[in-house]
Every structure is written in C-alpha cells, then in structure tokens.
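The structure under discussion appears below in the form of structure tokens.
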Amino acid sequence: MVYSDIVMDHFKNPRNVGEIKDADGVGGVGNPTCGDMMTITLRIKDNIIEDIKFKTFGCAAAIATSSIITEIAKGKTLEEAKNITRANVSDELGGLPLIKMHCSNLASDALKKAIDDYEKKINK
Ligand code: FES
C-alpha cells in the first residue's frame, strides 16, 4: 500500500494531538470492523471553531485524516465545518488507498459528532 507524502507527514508529525479540557463539543467514533477509535474535542467561540484537538487509536491513515481535519476545520464556522466531507479530507491528503477510504469517514464523522454535541448543549 502506498501513502502520499502528505499522509506520511501527518502520520509522523500529527497536528493538534490531545484533548481540550472542558471542551464545548466532544465527538467519539469507532469502526467495529478495524477497531480504530477517534475522539475530537472542540473549543467554539462566536460560531467559529477556535481550537480543535484529536486522539486517535488507529492506523496511519486514521491518524493522518484526524490530523488534517483539525487543520481544515480550525477557524471555520460550524456550518462550514459540517460540510467537510471525507472526499475533502482525502483530497487534502493527496488521496488515500481505496482500502483506507473508510478512515477518512471516521474523521468527518467524529467532527460532525463533536459539532452535534455542542449544538445539543447550547439548545438545551
Ligand atoms: Fe480502520 Fe484506518 S483501518 S480507520
């Protein structure tokens, strides 16, 4: 399997790793088939993703997709962030092997779940 240089860079030097304490939104997802797990935490101010961090237990592609989605989403409005697709994630990484496309699903699903969590809290 061949990963792009961008995937390898994000795998070896992942951006925004960790967890935001008292996060405004938390989204955790897992893939039952491969067992990979990912959690995204958000700090939101004035409808903008001010900070975003991830923790991923998974393959190289899962780590790279988590890392790049934090870069894509940071500074975006919630509406813009909700429209980030797995294709956006894979394109930004210079493509993913077909067998690894589900890893980019995990990243976009975790982000959407974290935004949902935030919106549920503020709409209580
Ligand atoms: Fe399942 Fe990468 S192999 S998320």
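The values are calculated or read from the model by the stated rules, or taken from the named source; none is laboratory data. Just so you know, these numbers come straight off a predicted model, no measurement behind them. Here Cβ is always computed from backbone atoms with ideal geometry, including for glycine, and neighbour counts include all displayed protein chains.
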* Enumerate the pairs (first residue in segment 52-67 and farther than 19 Å from A81 by Cα and modelled with pLDDT under 95; second residue anywhere and more than 10 Å from the ligand (Cβ to nearest atom) and not hydrophobic (A, V, I, L, M, F, W, C)) with beta-carbon separation below 7 Å, excluding pairs fewer than 6 apart on the same chain, so at least 6 apart or on different chains. => A60/Y3
* Can we say G28 is more than 15 Å from the ligand (Cβ to nearest atom) and modelled with pLDDT of 95 or more? -> no
* **Scope segment 85-106; condition within 16 Å of T56 (Cβ to Cβ) and either within 9 Å of the ligand (Cβ to nearest atom) or surrounded by fewer than 16 Cβ atoms within 10 Å (Cβ to Cβ) (or both); matching residues** => K100, H102, C103, S104, N105, L106
* If you go through segment 1-9 one residue at a time, do you hit one that is surrounded by fewer than 18 Cβ atoms within 10 Å (Cβ to Cβ) and either within 28 Å of K120 (Cα to Cα) or β-branched (V, I, T) (or both)? -> yes
* Structure fact -> Every listed condition ((1) touching a residue at least 24 places away in the same chain (Cβ under 8 Å); (2) within 16 Å of the ligand (Cβ to nearest atom); (3) not polar (S, T, N, Q)) holds for A73 save (2)
* **Residue that is nearest to the ligand (Cβ to nearest atom) [pool: residues in segment 31-52 that are assigned to a strand (DSSP E or B) and crowded, with 19+ Cβ neighbours inside 10 Å]** => M38
* To do: Could you tell me which of the residues A110, A61 is over 22 Å from N47 (Cβ atoms) and either touching a Lys or Arg at 6+ places or on another chain (Cβ under 9 Å) or buried (at least 16 other Cβ atoms within 10 Å of the Cβ) (or both)?
  => A61
